[in-house]
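K.L.:
First the structure, which I've put down as structure tokens, then a few questions once you've had a look.
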Amino acid sequence: MAYIRPLANGNFRADVRLKGIVKNKTFPTESLAQAWADNIENGIKTILNLDQAQLMALSEDEICALGGEGLFKQLGIDLFAIRHQAKLEAINALSKKELLQLSVQEIERMGGAELFIKAGKRIRYKTFRDVCDEYLSRWGKKDYQGQMQRVDYWCQFFGDRIMTDIDIFDIREHIDDLIDEGQRATTINRKKAVLSSVYKFALSRGYVDENLVRSVVVDDDTKRRDRVLSEAERKRLLKASRESHWDKLYLLVLMAMTTGARKGELMNLRWNDVNFKDSSAFLGDTKNGTSRELYLAPVVMTELKRHQEVGTGLIFPSVELPEQPMDFRKAWRNVLKAANIADRDILNPDGSVKLEKFTFHCLRHGFCSALSDSGKEINQIAKLAGHKSIQTTMRYIHQGRDQKRQIVNELAQAFNL
């Protein structure tokens, strides 16, 4: 059953209780609350009426439209197991001896380590953290504590991942994030060298087939990105974000575009950080250790009110773990694809970059560049972006050829030339 009730602040709260599922959300209007509740109810009823063949045939978009994989799990439907039924049957047919004799390649061919774990089968596999522990236990050089800290840095990102499930795109994506943050190439290469050392050890022990890290090159020319969206790209990105299966991606993109806030700052914002009276948000824990205020445009406030909730919860929470920020990487990749914006560098035959990839951090770059293009002073841009150093701001600002030509022409006119 769905219940809609008015709140003291003028909003409406929708509560859905059906088949053991309890969901609730706050909306600025009763009609929005009712539409959301109806959609959840219809999704639950539809899911429960699907047979095995229909469940197997569902596309990712259809799953998202019905409420997402999390809703299926709450209803006791394991889509993962259903989709891999044939492979699970093959795994279950193996004896204990056969399972332990499987090579890494055979495990991957049969569906990967995750599928074996799902079937409750014991195989020889190693997580990244397992390999790192073994690597450190055999560390015979000086500065053990320092190396342990350097290895732990990578464990924060890959620790619980199966070693063979980490691919070059995972490594490249993290390196790109470091580049986009403005870290120097020498700093990134030092971090990369530690990861490469771990992979070299894993290769010697037969845990991986190659050292993927060696294929990821960081040059001084790539230590920062100048990628900004054209007007047409910006419109396509906003349209695709509005149509995303994650209903808050449009809000997140709007906030990033118009505030220049970092991804981590936005993802850790809570509802009690937002001041709806003066259209602002308070950032209490930023990357450079200082607090600052975000000024929110009317379009952002409209979208915030559409999702508004009461309390101290995250604005962008994970569906399954509400106290953790949403992992929106898949939604972001889908939106870039829908907007026809490259999510990977497109290279020329000589290896140079023909079309640079667009990352979420590039929205921050676009914010600073747009302020610069509109004539704002660099100290103003630095304050709005939360930069401690003007030099940091300078990395985000560039001028196109037309602007440079205009500056030169204006100078010539000032000289009466």
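Rule-based calculations on the coordinates, nothing more; no lab input. Only a predicted model underlies this, so the values are computations on that prediction, with no experimental measurement involved. Counting neighbours? That spans all protein chains shown, and the Cβs are built from the backbone with ideal geometry, glycine included.
K.L.:
Which ³J(HN,Hα) values, rounded to whole Hz and listed in residue order, are derived for segment 315-328 from phi using the Karplus coefficients 6.51, -1.76 and 1.60 in 6.51 cos²θ - 1.76 cosθ + 1.60 with θ = phi - 60°, glycine and proline given as x?
P.N.:
6, 10, x, 5, 5, 8, 10, x, 8, 10, x, 5, 8, 9
K.L.:
To continue, here is another question. For residue 320, enumerate residues with amide H under 5 Å from its amide H, sequence gap 5+ or separate chain, H modeled in the peptide plane.
P.N.:
Here the answer is none, since no amide H 5 or more places off falls under 5 Å of that of residue 320.
K.L.:
Run the paramagnetic zone check for residue 340: 7 angstrom along Cα to Cβ, then residues of segment 239-265 with backbone nitrogen under 20 Å.
P.N.:
239-244
K.L.:
Something else: Fully extended, how many nm does the chain gain between residue 130 and residue 35 (0.36 nm per residue separation, minus their Cα-Cα distance)?
P.N.:
Numbers: separation 95, 0.36 × 95 = 34.20 nm, distance 4.80 nm.
Extra length available between residue 130 and residue 35 comes to 29.4 nm.
K.L.:
Considering the dipole of segment 148-208 built from charges on the beta carbon (Lys and Arg +1, Asp and Glu -1) around the Cα centre, which of 202, 156, 183 is farthest to its positive end?
P.N.:
In segment 148-208, that residue is 202.
K.L.:
Grab the beta carbon distance between residue 117 and residue 167, set R0 = 25 Å, and tell me the FRET efficiency rounded to 0.05.
P.N.:
On the way: r = 18 Å, r/R0 = 0.74.
Taking R0 as 25 Å, the efficiency between residue 117 and residue 167 is 0.85.
K.L.:
Holding the Cα-Cα limit at 18 Å, pick out from 25/248; 96/118; 23/239 the pairs that are longer than that. Write down the numbers at each step before the final one.
P.N.:
Details: 25/248 13 Å; 96/118 16 Å; 23/239 28 Å.
Among 25/248; 96/118; 23/239, the Cα-Cα distance tops 18 Å for 23/239.
K.L.:
In square nanometres and to one decimal, what's the mean projected area of the convex hull around the Cα atoms of segment 293-366?
P.N.:
Spelled out: convex hull of the Cα atoms, projected over all directions, averaged, 7.5 nm².
K.L.:
I'd like the Karplus ³J(HN,Hα) series for segment 43-54: coefficients 6.51, -1.76, 1.60, θ = phi - 60°, whole numbers in Hz, and an x wherever there's a Gly or Pro.
P.N.:
Karplus-based 3J(HN,Hα) across segment 43-54 equals x, 4, 4, 5, 4, 5, 8, 7, 8, 4, 5, 5 Hz.
K.L.:
Something else now. Starting at the first residue of segment 256-262, write each ³J(HN,Hα) from the Karplus equation 6.51 cos²θ - 1.76 cosθ + 1.60 with θ = phi - 60°, in whole Hz, x for Gly and Pro.
P.N.:
Running phi through 6.51 cos²θ - 1.76 cosθ + 1.60 with θ = phi - 60° gives 5, 5, 9, 10, x, 5, 6 Hz.
K.L.:
Shape of segment 1-61 from its Cα gyration tensor (a ≥ b ≥ c, root eigenvalues): rounded if a/c is under 1.5, otherwise prolate when a/b > b/c, or oblate?
P.N.:
Here segment 1-61 falls in the prolate category.
K.L.:
If you stretched the chain out fully between residue 98 and residue 239, how much longer would it get, using 0.36 nm times the residue separation minus the C-alpha to C-alpha distance? Walk me through the intermediate numbers first.
P.N.:
Details: separation 141, 0.36 × 141 = 50.76 nm, distance 5.13 nm.
Taking residue 98 through residue 239 to full extension adds about 45.6 nm, to one decimal.
K.L.:
Once every Cα of segment 229-270 carries one equal point scatterer and solvent is ignored, give the base-10 log of I(q)/I(0) from the Debye formula at q = 0.19 Å⁻¹, two decimals.
P.N.:
One equal scatterer on each Cα of segment 229-270 leads to -0.58.
K.L.:
Give a quick list of chymotrypsin sites (Phe, Trp or Tyr not before Pro) in segment 120-155 that DSSP marks as loop, anything other than H, G, I, E or B, with at most 16 other Cβ atoms within 10 Å. Show your work: numbers first, answer last.
P.N.:
Values: sites: 125, 128, 135, 139, 144, 153, 154; in loops: 125, 139.
Sites meeting the loop and neighbour criteria: 139.
K.L.:
Taking every pair of alpha-carbon atoms in segment 122-250, give the share separated by more than 20 Å as a whole percent.
P.N.:
Numbers: 4569 of 8256 pairs.
In whole percent, the share of Cα-Cα pairs in segment 122-250 beyond 20 Å is 55.
K.L.:
Next question. Taking the Cα centre of segment 2-83 as origin, work out the dipole magnitude from +1 charges on Lys and Arg Cβ and -1 charges on Asp and Glu Cβ, in debye rounded to 20. Walk me through the numbers before you get to the answer.
P.N.:
Values: 9 positive and 10 negative charges, 81 e Å.
It comes to approximately 380 debye.
K.L.:
Moving on to the next point. List the residues, sorted by chain then number, that are 5 or more residues from residue 280 or on another chain and whose placed amide H is less than 5 Å from its amide H.
P.N.:
275, 296
K.L.:
Could I ask something else about it? Residue 193 to residue 247: FRET efficiency via 1/(1 + (r/R0)^6), r the Cβ-Cβ distance, R0 60 Å, to the nearest 0.05? Please report the intermediate quantities before stating the final value.
P.N.:
On the way: r = 42 Å, r/R0 = 0.70.
So, using R0 = 60 Å, E works out to roughly 0.90.
K.L.:
Quick check: residue separation of residue 329 and residue 152 times 0.36 nm, minus the Cα distance between them. What number comes out in nm?
P.N.:
Details: separation 177, 0.36 × 177 = 63.72 nm, distance 2.31 nm.
Gain on stretching residue 329 to residue 152: 61.4 nm.
K.L.:
Report the FRET efficiency, 1/(1 + (r/R0)^6), for residue 205 and residue 230, where r is their Cβ-Cβ distance and R0 is 35 Å, rounded to 0.05. Walk me through the numbers on the way to the answer.
P.N.:
Working: r = 49 Å, r/R0 = 1.39.
Efficiency computed from Cβ-Cβ geometry: 0.10.
K.L.:
Over the alpha-carbon set of segment 124-197, work out the extent along each principal axis and list the three values in angstrom, largest first.
P.N.:
Per principal axis, max minus min of the Cα coordinates gives 34, 31, 16 Å.
K.L.:
Sort 23, 97 so that the residue with the fewest other Cβ atoms within 10 Å of its own Cβ comes first and the one with the most comes last. Could you put the intermediate results ahead of the total?
P.N.:
Numbers: 23 18, 97 7.
Ascending Cβ contact count within 10 Å gives the list 97, 23.
K.L.:
I'd like the GluC sites (Glu not before Pro) in segment 122-224 restricted to DSSP loop residues with at most 12 other Cβ atoms within 10 Å, sorted by number.
P.N.:
210
K.L.:
Once you put a point 7 Å from the Cα of residue 86 and another 7 Å from the Cα of residue 272, both along the Cβ direction, what distance in nm separates them?
P.N.:
Placing both labels 7 Å along Cα→Cβ, they lie 5.3 nm apart.
K.L.:
Oh, and also: Could you sort 37-49, 249-261 so that the peptide with the highest average Cβ count within 10 Å comes first and the rest follow in order?
P.N.:
249-261, 37-49
K.L.:
Relative to the Cα centre, what is the charge dipole magnitude of segment 31-163, using +1 at the beta carbon of each Lys and Arg, -1 at the beta carbon of each Asp and Glu, and rounding to the nearest 20 debye? Walk me through the numbers on the way to the answer.
P.N.:
Working: 18 positive and 19 negative charges, 185 e Å.
Computed about the Cα centre, the dipole is about 880 debye.
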